[in-house]
Each structure stands twice: as structure tokens, then as C-alpha cells.
Amino acid sequence: SDFVEEQGAARGFLKTALTGSSTALQLPMAMLAERFGDIMFLAMGMAWVAIGFMVIGVASSFLQVLMLTLCAGSGGSVQHPVASAFVSREYEGRKRGSALGILNFAGDLGKLVVPAVFALSLAWYGWRWSLFSLGAVSLLFSAIFWYVLRHKDQRQRAARQAQVRNGLVSPAAV
């Protein structure tokens with residue numbers, strides 16, 4: 001018998017821990033991303049969650065699963081504030097609303113599709129392999145995301161440096 005399967009109602013507590021830790025750090029992550037680059041932080045957040053899920057798959061106690069869930073969730077704190085800010089800066093006027101709508105739709109679609117695929121994987125392979133595989137696929141996506149969009153961070157840094165040169169922001173903001 002497996003310790004996570006034996007926990008019953010505590011699985012709901014794991015979901016609460018994941019959501020709580022991803023919520024708790026949203027403001028600090030948004031501030032750091034403004035300084036160091038949206039794309040880098042989004043990719044790092046995705047990778048952090050992915051690695052967290054992979055490591056949860058090899059945990060040997062419920063306490064380890066709980067602590068690793070808290071850690072994985074902290075990587076998820078990047079997505080909402082940073083992705084929304086990035087999309088808002090990339091699109092102007094009426095296009096901004098559509099772009100934010102697409103971002104939110106994609107997130108909701110992911111919340112629909114990933115649990116369904118994960119449930120099928122659970123039935124065939126168990127929770128450990130399923131979490132490890134989910135993490136591995138997510139890690140791959142985070143690397144592709146960063147590679148495809150990394151030039152956006154360079155453009156963002158150049159714009160901030162121009163603001164400093166023009167006296168619009170203090171050097172400490174860059």
C-alpha cells in the first residue's frame with residue numbers, strides 16, 4: 001500500500017498547499033520579473049514546478065510530499081502576475097483584451113486537459129510515474145518557451161536601460 005493513497009482526505013490538503021504556495025509569492029515574483037525579465041522568470045517558474053513534480057514522484061513519506069508540494073507551488077507563483085504583465089506590455093489597445101482573454105483561456109484549457117491526461121496516466125502507471133512524467137514534459141515545455149521567447153527579455157532590458165538614460169526611472173530599478 002502506498003502512503004499517498006493511504007492519506008485519503010489529506011490529498012485535498014496537498015492541493016491546498018500547492019495553491020497556497022503558488023499564491024503567496026505572486027507579488028515578490030512580479031517585482032523580481034520586472035527587474036530581471038518576464039520570460040526568464042516565467043521559464044524558471046515553469047521549470048521549478050516541473051522539477052518539483054518530478055521530485056515528488058520519488059518522495060518516501062507524506063511529509064516529504066507536502067514539503068515538495070509547497071516548493072513546487074512556489075514556482076507556480078510566477079505565472080499569473082508575470083504572464084499577465086507580459087501580455088499587457090506586448091499588446092496595445094483593443095488587442096490587449098483579446099490577448100489577455102487568450103492567456104486566460106489557455107490556462108483554463110490546461111486546467112481541463114492536464115488533469116484528464118493525468119487521471120488516465122494514474123490508472124495505467126500510478127501516481128509516481130505520472131507525476132515524474134508530467135514534470136518531465138513540463139520541463140521540456142519550459143525550455144522550449146524560454147528558447148523561443150528569450151529575445152523578449154533582451155528587448156525589455158534595453159527599454160529599461162533607455163528609461164534610465166532618459167531619467168524616467170532610477171538606476172536601482174534596472
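At a glance:
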quantity: FRET E, pair Arg128, Lys95, Förster distance 45 Å, beta-carbon r, rounded to 0.05; calculated: 0.55
quantity: Trp124, Trp129, ranked by accessible area, largest first (probe 1.4 Å); calculated: Trp124, Trp129
quantity: ³J(HN,Hα), Karplus 6.51/-1.76/1.60, whole Hz, each residue of the range 141-146, x for Gly, Pro; calculated: 4, 5, 5, 5, 4, 4
quantity: Where the range 46-98 is the region considered: accessible area per residue in Å², 1.4 Å probe; calculated: 52 Å²
quantity: Percent of Cα pairs exceeding the 21 Å cut-off, where the set is the range 23-149; calculated: 45 percent
quantity: Most to least accessible of Met46, Met31, Met54 (protein chains only, probe 1.4 Å); calculated: Met31, Met46, Met54
quantity: Those lysines that a straight Cα-Cα span of less than 21 Å connects to Lys95, excepting residues fewer than 8 apart in one chain; calculated: Lys152
quantity: Percent accessible area from carbon and sulfur atoms, the range 24-78, protein chains only, probe 1.4 Å; calculated: 82 percent
quantity: Reach of Lys15 by Cα under 16 Å, taken over lysines that are not fewer than 8 positions away in the same chain; calculated: Lys111
quantity: Residue (of Ser21, Met46, Ile56) at the positive-pole extreme of the range 1-93, dipole from beta-carbon charges; calculated: Ser21
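The values are calculated or read from the model by the stated rules, or taken from the named source; none is laboratory data. All values derive from a computational prediction rather than experimental measurement. Please note: Cβ atoms are built from the backbone with ideal geometry, for glycine as well, and neighbour counts cover all protein chains shown. When the accessible area is computed, the model is the full protein with side chains, heavy atoms only, and any ligands, DNA or RNA have been set aside. Shrake-Rupley method; radii C 1.70, N 1.55, O 1.52, S 1.80 Å.
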